[in-house]
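To start, the structure itself, in C-alpha coordinates.
The values are calculated or read from the model by the stated rules, or taken from the named source; none is laboratory data. From a predicted model like this one, the values you see are computed outputs, not experimental measurements. As a convention, Cβ positions derive from the backbone with ideal geometry for all residues, glycine included, and neighbour counts pool all protein chains shown. To get the accessible areas, we keep the full protein, side chains included, count just its heavy atoms, and leave off ligands, DNA and RNA. Shrake-Rupley method; radii C 1.70, N 1.55, O 1.52, S 1.80 Å.
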Amino acid sequence: MKSLGQGVWVRSRSGTPVDPKNAANRYLRPVAKELGLALGGWHDFRHTLSTQPLRRYPTNVVSELLGHSNVQTTLSIYQHVETDQFRAPLNEIATELLPDVTKLAANRG
(Lines give C-alpha, C1' and ligand atoms only; values in the text may rest on other atoms or scores of the structure.)
Protein backbone atom coordinates (compact mmCIF):
# COMPACT_ATOMS: atom_id res chain seq x y z
CA MET A 1 0.00 0.00 0.00
CA LYS A 2 2.94 2.28 0.65
CA SER A 3 3.84 2.03 -3.04
CA LEU A 4 0.37 3.38 -3.92
CA GLY A 5 1.29 6.67 -2.33
CA GLN A 6 -0.31 8.81 0.33
CA GLY A 7 -4.05 9.31 0.57
CA VAL A 8 -7.25 7.44 1.13
CA TRP A 9 -7.61 4.06 -0.60
CA VAL A 10 -11.26 3.40 0.23
CA ARG A 11 -13.82 5.84 -1.07
CA SER A 12 -17.62 5.92 -1.07
CA ARG A 13 -19.74 5.95 -4.22
CA SER A 14 -19.73 9.74 -4.07
CA GLY A 15 -15.92 9.77 -3.96
CA THR A 16 -15.54 10.85 -0.34
CA PRO A 17 -13.26 8.94 2.06
CA VAL A 18 -14.96 6.11 3.94
CA ASP A 19 -14.57 6.25 7.69
CA PRO A 20 -13.43 2.79 8.92
CA LYS A 21 -16.10 2.69 11.64
CA ASN A 22 -18.85 3.60 9.18
CA ALA A 23 -17.55 1.02 6.68
CA ALA A 24 -17.66 -1.67 9.33
CA ASN A 25 -21.17 -0.72 10.43
CA ARG A 26 -22.60 -0.30 6.93
CA TYR A 27 -20.96 -3.14 5.04
CA LEU A 28 -19.00 -5.58 7.13
CA ARG A 29 -21.25 -6.09 10.16
CA PRO A 30 -24.50 -6.73 8.21
CA VAL A 31 -22.81 -9.42 6.11
CA ALA A 32 -21.15 -10.99 9.16
CA LYS A 33 -24.49 -11.02 10.99
CA GLU A 34 -26.23 -12.64 8.02
CA LEU A 35 -23.54 -15.32 7.98
CA GLY A 36 -23.84 -15.85 11.73
CA LEU A 37 -20.30 -14.65 12.43
CA ALA A 38 -19.31 -12.74 15.53
CA LEU A 39 -17.21 -9.76 14.60
CA GLY A 40 -15.20 -7.66 16.98
CA GLY A 41 -13.59 -4.81 15.10
CA TRP A 42 -11.13 -4.05 12.33
CA HIS A 43 -8.26 -5.40 14.40
CA ASP A 44 -9.99 -8.79 14.83
CA PHE A 45 -10.85 -8.76 11.14
CA ARG A 46 -7.18 -8.11 10.31
CA HIS A 47 -6.08 -11.10 12.40
CA THR A 48 -8.64 -13.34 10.73
CA LEU A 49 -7.63 -12.24 7.26
CA SER A 50 -3.96 -12.78 8.13
CA THR A 51 -4.35 -16.37 9.29
CA GLN A 52 -5.61 -17.84 6.01
CA PRO A 53 -2.95 -16.33 3.73
CA LEU A 54 -0.23 -17.48 6.14
CA ARG A 55 -1.33 -21.05 5.43
CA ARG A 56 -0.92 -20.59 1.67
CA TYR A 57 1.71 -17.95 0.97
CA PRO A 58 5.25 -17.26 2.13
CA THR A 59 5.44 -15.45 5.45
CA ASN A 60 7.49 -12.61 4.01
CA VAL A 61 4.78 -11.92 1.39
CA VAL A 62 2.01 -11.79 4.01
CA SER A 63 4.21 -9.69 6.27
CA GLU A 64 4.71 -7.16 3.46
CA LEU A 65 0.97 -7.09 2.74
CA LEU A 66 0.28 -6.32 6.39
CA GLY A 67 2.90 -3.58 6.36
CA HIS A 68 5.14 -5.19 8.98
CA SER A 69 8.81 -4.24 8.99
CA ASN A 70 9.75 -7.62 10.50
CA VAL A 71 8.32 -11.09 9.76
CA GLN A 72 8.60 -11.89 13.49
CA THR A 73 5.71 -9.48 14.10
CA THR A 74 3.61 -11.43 11.62
CA LEU A 75 4.55 -14.79 13.10
CA SER A 76 4.29 -13.91 16.77
CA ILE A 77 1.16 -11.76 16.67
CA TYR A 78 -0.85 -12.55 13.54
CA GLN A 79 -0.31 -16.27 13.01
CA HIS A 80 -3.04 -18.25 14.76
CA VAL A 81 -3.46 -22.01 14.89
CA GLU A 82 -6.87 -23.13 13.71
CA THR A 83 -8.73 -26.03 15.30
CA ASP A 84 -8.52 -28.28 12.23
CA GLN A 85 -4.73 -27.99 12.31
CA PHE A 86 -4.68 -29.90 15.61
CA ARG A 87 -6.42 -32.98 14.20
CA ALA A 88 -3.54 -34.68 12.31
CA PRO A 89 -0.83 -34.31 14.99
CA LEU A 90 -3.21 -35.39 17.76
CA ASN A 91 -4.32 -38.45 15.79
CA GLU A 92 -0.70 -39.39 15.11
CA ILE A 93 0.27 -39.04 18.78
CA ALA A 94 -2.82 -40.97 19.91
CA THR A 95 -2.00 -43.80 17.49
CA GLU A 96 1.55 -44.03 18.86
CA LEU A 97 0.70 -43.74 22.55
CA LEU A 98 -2.65 -45.52 22.61
CA PRO A 99 -2.59 -48.07 19.77
CA ASP A 100 -5.18 -50.38 21.33
CA VAL A 101 -7.64 -47.57 21.98
CA THR A 102 -7.32 -46.13 18.48
CA LYS A 103 -7.75 -49.59 16.90
CA LEU A 104 -10.87 -50.15 18.99
CA ALA A 105 -12.28 -46.76 17.98
CA ALA A 106 -11.49 -47.43 14.30
CA ASN A 107 -13.28 -50.80 14.43
CA ARG A 108 -16.41 -49.19 15.91
CA GLY A 109 -16.50 -46.39 13.29
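General observations
- Residue by residue, segment 15-23 carries 3J(HN,Hα) couplings of x, 8, x, 8, 6, x, 5, 5, 4 Hz when phi is fed to the Karplus relation 6.51 cos²θ - 1.76 cosθ + 1.60 (θ = phi - 60°); x denotes Gly or Pro.
- Given R0 = 30 Å, the distance between the Cβ atoms of residue 80 and residue 29 translates into a calculated FRET efficiency of 0.90.
- Cα centroids of segment 12-44 and segment 60-96: 26 Å apart.
- For the peptides 56-64, 13-21, residues were scored by their other Cβ atoms within 10 Å and the scores averaged per peptide; the highest-first order is 56-64, 13-21.
- Backbone phi angles across segment 56-70, fed through the Karplus curve with coefficients 6.51, -1.76 and 1.60 (θ = phi - 60°), yield HN-Hα couplings of 10, 10, x, 4, 5, 5, 5, 4, 5, 4, 7, x, 7, 7, 9 Hz in residue order; Gly and Pro are listed as x.
- Distant-in-sequence amide contacts of residue 79, defined by a placed amide H-H separation under 5 Å and a gap of 5 or more residues or a different chain, comprise nothing.
- Rounded to the nearest 0.05, the FRET efficiency derived from the C-beta distance between residue 46 and residue 14 at R0 = 35 Å is 0.85.
- Solvent-accessible surface of segment 21-100, averaged per residue with a 1.4 angstrom probe and all protein chains in place: 77 square angstrom.
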